[in-house]
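Inspection log for the structure reproduced underneath, given as structure tokens.
Laboratory data are not the source of any read-out in this text; all were calculated from the coordinates shown. Just so it is clear, the model here is predicted, and its values are computed rather than measured. Note that we place each Cβ from the backbone using ideal geometry, even for glycine, and neighbour counts take in every protein chain shown.
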Ligand SMILES: NC(=O)c1ccc[n+]([C@@H]2O[C@H](COP(=O)([O-])OP(=O)(O)OC[C@H]3O[C@@H](n4cnc5c(N)ncnc54)[C@H](O)[C@@H]3O)[C@@H](O)[C@H]2O)c1
């Protein structure tokens, strides 16, 4: 049976080592702190995690867990799982000194064709940095961020919702597939930069949820409303609220409700002298995204821009508080010539009708309303795809403009066939690279 080293036996490492050893893997746990290795060797959990001592006992009776402070033990291991701490420094950056020291240990002691898997949380760019530091082309490097929570670490590790690994080395990839063979359906491979940022994004998301729920409490308590009741009802809607809905990057949000109601809850907080910076920054974040899109268009130095699809979201002809319309205004303010096509808006059933409906939707006489996509894109230096209807997507493929196409909401990448996408070149996808 191959031997696996777990380097760093804190919350992540002690649980990883004990759990793997209890499941029959031959594990060598390595930590600088003799107190930790000695305690674990006696079957004593270094941290109070439910199930950990039971795993240690199973490992002890099976003889599958060896513990040492000596990094030279790596010499007998097929793979190492690096679980050392990466605390945050005074400058807000993760401190990777212990991690780089562990990489040095691997570089020094690991046998040929060893696989080094970094389980610690790392900053962007760490994979390349660690690979250079390792300086051993024969050692396969992988990232495998850990998502467990303290307090339920064993259960989270053994029954995870998702396991992610990333590597550019196929030997390392094969080892990760073996390591997680029992949880294969939860295992996803990605590229190293995605794995690096994913863990930080995950934790930012969790932190955002906590801060959001607390802000809800602060704005409900002054009016005598039970925040637990509000949040429990919010969570009861698993279609719109606790789901993947609204979590795909794209255009800024708009429409008849989101903008006005976010403004309203922010004003409610201010009325009651409640500090609610999260609510107060939502519209500012939305505006920052619009500015990002404007700057992306301007980077192509166009004189004339065509915008296809100005509804506030995919599939909508409603342009109230529509981000694509705000983009039209922002580009006009930059001195660009802007022409817009949107067959869904042209389809208006009540006056104004046809081109007058589109002109009314744009709300700025400087914007040109085109009768169709072909007219809009003719002469444009850049085509911006907002929220086009199916008819306009097909018309864009037909027109095949030979200028950069900015797919701001990923509508082309998601809804066109690969062949149709290929006929449009070049397409700059802002929301998704896939
Ligand atoms: N604690 C959590 O709940 C949790 C959850 C998911 C991910 N993470 C991440 O996992 C990593 C580890 O976190 P933790 O809470 O287990 O850390 P920890 O501080 O509890 O433990 C780190 C251990 O590594 C040892 N160590 C440091 N450098 C070493 C070296 N070069 N050789 C041998 N041993 C060394 C230390 O002595 C210590 O025992 C961090 O990057 C953390 O952000 C932590």
Just to confirm the number: angle between the C-alpha axis of helix 52-62 and the first principal axis of the chain, 0 to 90 degrees, nearest 10? 50 degrees
GNM result for the chain, Cα springs below 10 Å: residue of 132, 326, 359 fluctuating most strongly: 132
Got a sec? How would 205, 25 order by Cβ neighbour count within 10 Å, fewest to most? 205, 25
Would you mind checking the tilt of helix 258-271 against the longest principal axis of the Cα atoms of the chain, expressed as 0 to 90 degrees and rounded to 10? 70 degrees
Rounded to whole angstroms and listed largest first, the alpha-carbon spread of the range 151-250 along its three principal axes comes to 60, 33, 24
Mind sorting 257, 77, 116 by how few other Cβ atoms lie within 10 Å of their own Cβ, fewest first? 257, 77, 116
Once you treat every alpha carbon in the chain as an equal point and sum by Debye, what is log10 I(q)/I(0) at q = 0.07, 0.10, 0.13 Å⁻¹? -0.50, -0.87, -1.10
For the range 289-429, calculate the relative contact order in percent as a whole number, restricting contacts to Cα pairs under 8 Å that are 6 or more residues apart. 25 percent
Packing-based ranking, highest mean first, of 31-39, 388-396, 6-14 given that Cβ atoms within 10 Å are counted: 6-14, 388-396, 31-39
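Can I get the semi-axes of the range 289-429's equivalent ellipsoid? Compute them from the C-alpha gyration tensor as square roots of 5 times the eigenvalues, in angstrom, largest first. Can you show the working numbers first?
Details: eigenvalues 83, 62, 36 Å².
For the range 289-429, the ellipsoid semi-axes come out as 20, 18, 13 Å.
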Report, in deg cm²/dmol and to the nearest 500, the calculated mean residue ellipticity at 222 nm for the chain, where each DSSP H run with n ≥ 4 adds -39500 (n - 2.57) and the sum is divided by the residue count. -13500 deg cm²/dmol
What is the spread of the Cα atoms of the range 193-247 along each of their three principal axes, largest first, in whole Å? 46, 23, 13
The residues 312, 147, sorted from fewest to most surrounding Cβ atoms within 10 Å, come out as 147, 312
